[in-house]
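Dropping the structure in here first, questions after.
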Amino acid sequence: MGKVLIGKYAHSLDAKGRVSFPAKMREDMGDHVILTQGWERCLFVYSLEEWARLDEKIKALPMSKAGNLQRFLFASAVDVELDKQGRLLIPQDLRDYAGLTKDVMITGVSVRAEIWDRETWLGKSQAITPEM
């Protein structure tokens, strides 16, 4: 079983669309990850191990349920290797999808990381209440 990812980290995109990936997450996920569009206009980051697990879970679903999920997650997915400085290059189409321009929030969400536009994240996190 993979590591449980937790925490939130504020970072900025550079002019080339790279972002420093938190050292703790690099330790837990490795330097080779899968990046794809996620729910609510964020990006999902999976370790190769968790991506393979997700693939198996989706394949086990009836095709009527799996089809749209596969298209949503797999069509936009990219295989990314972090550079020597621990930066993750986010392709332009994924930056556009998530509305990423400069300031981002990287969060640990159990088996995946999520990358959010910082303002979007702040609005979403303020809407979360203990009653939910």
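I'm trying to understand the selection: among the residues of the range 8-65, which are among the small types (Gly, Ala, Ser) and open to solvent by 40 Å² or more (accessible area, probe 1.4 Å)?
Within the range 8-65, 10, 12, 15, 20, 23, 52, 60, 64 meet the criteria.
Here's another thing I want to ask about it. Consider residue 75 against the criteria (1) surrounded by fewer than 12 Cβ atoms within 10 Å (Cβ to Cβ); (2) free of Cβ contacts under 8 Å to residues at least 60 places away in the same chain; (3) aliphatic (A, V, I, L, M); (4) under 17 Å from residue 8 (Cα atoms): it satisfies all of them except one. Which criterion is unmet?
Exception for residue 75: condition (4).
Now for a different question. Report yes if some residue within the range 34-48 is part of a loop (DSSP other than H, G, I, E, B) and over 13 Å from residue 114 (Cβ atoms); otherwise report no.
Taking every residue of the range 34-48 in turn, none turns out to be part of a loop (DSSP other than H, G, I, E, B) and over 13 Å from residue 114 (Cβ atoms).
For the range 79-132: of the residues being out of contact with any strand residue (DSSP E or B) (no Cβ under 6 Å at 6 or more places or on another chain), among the charged types (D, E, K, R) and over 23 Å from residue 31 (Cα atoms), which is surrounded by the fewest Cβ atoms within 10 Å (Cβ to Cβ)?
Per the criteria, the residue is 131.
Could you say whether any residue in the range 53-71 is hydrophobic (A, V, I, L, M, F, W, C), under 14 Å from the mean Cα position of the chain (by Cα) and under 22 Å from residue 122 (Cβ atoms)?
No, the range 53-71 contains no residue that is hydrophobic (A, V, I, L, M, F, W, C), under 14 Å from the mean Cα position of the chain (by Cα) and under 22 Å from residue 122 (Cβ atoms).
For the range 93-132, which residues satisfy the criterion of being assigned to a helix (DSSP H, G or I) and among the charged types (D, E, K, R)?
93, 95, 96, 118, 119, 124
Next question, about the same structure. Within the range 91-126, which residues are among the hydrophobic types (A, V, I, L, M, F, W, C) and over 14 Å from residue 42 (Cβ atoms)?
Once the filter is applied, which keeps residues that are among the hydrophobic types (A, V, I, L, M, F, W, C) and over 14 Å from residue 42 (Cβ atoms), the range 91-126 yields only 111.
Condition test on residue 38, is it out of contact with any Phe, Trp or Tyr (no Cβ under 8 Å at 6 or more places or on another chain) and closer than 15 Å to residue 108 by Cβ?
no
The values are calculated or read from the model by the stated rules, or taken from the named source; none is laboratory data. It should be emphasised that the depicted structure is a prediction, and the values quoted were computed from it without experimental measurement. Using ideal geometry, Cβ is built from the backbone for each residue, glycine included, and neighbour counts are taken over all protein chains shown. These area figures cover heavy atoms from the full protein model, side chains too; ligands, DNA and RNA do not enter into them. Shrake-Rupley method; radii C 1.70, N 1.55, O 1.52, S 1.80 Å.
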